[in-house]
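Here's the structure, in structure tokens; my notes come after.
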Amino acid sequence: MKERITKSSGNVFLDLGFPPEEAAILQMRAEIMADLRKIITTKKLTQAKAAALLGVSQSRVSDLIRGKWEKFSLEMLIALATKAGMRITLKRAA
């Protein structure tokens, strides 16, 4: 049987069948979470130190590190990213 390869749209959530408006938000959430995990790893922060930096509980940092994206709204992730020193901007494509 020949494998069928489908080219990605660039948004895995859209490729998985989510409606475009939901896929866009999920993609943004996933990208910010990945960036936050990278900051925590790069700075070699313990979960307790990351929690202090972000102003959340250690269990919330654990959720973040484990990729439990369903537990974080886009607004919450933007707030956490800002506390971590990231500059978040939203760009609209034509």
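Derivation of every value follows stated rules applied to the coordinates shown; laboratory data play no part. All values derive from a computational prediction rather than experimental measurement. Cβ sites come from the backbone with ideal geometry, for glycine too, and all protein chains shown count toward neighbours.
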| Tell me, in nm to one decimal, what length is gained between LEU74 and LYS44 on full extension, where the rule is 0.36 nm per residue of separation less the Cα-Cα distance? | 8.3 nm
| Extended-chain gain in nm, criterion 0.36 nm per residue less alpha-carbon gap, ALA34 and GLU21 | 2.6 nm
| Helix-only CD estimate at 222 nm, as mean residue ellipticity for the chain, using -39500 (n - 2.57) per DSSP H run (n ≥ 4) | -17000 deg cm²/dmol
| task | Report, in debye and to the nearest 20, how large the dipole of the chain comes out about its Cα centre when Lys and Arg carry +1 and Asp and Glu carry -1 on their Cβ. | result | 440
| Note, ³J(HN,Hα) from phi for the range 22-29, Karplus 6.51, -1.76, 1.60, rounded to Hz, x at Gly and Pro | 6, 4, 5, 5, 4, 5, 4, 4
| query | Computed from these coordinates, which is Cα Rg over 2.2 N^0.38 Å: [x] 1.26; [y] 2.01; [z] 1.64? | reply | [x]
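Could you pull out the trypsin sites (Lys or Arg not before Pro) across the range 1-40 that fall in loop regions by DSSP (anything but H, G, I, E, B) with no more than 13 other Cβ atoms inside 10 Å?
Here the sparse-neighbourhood loop sites are LYS2, ARG4, LYS7.
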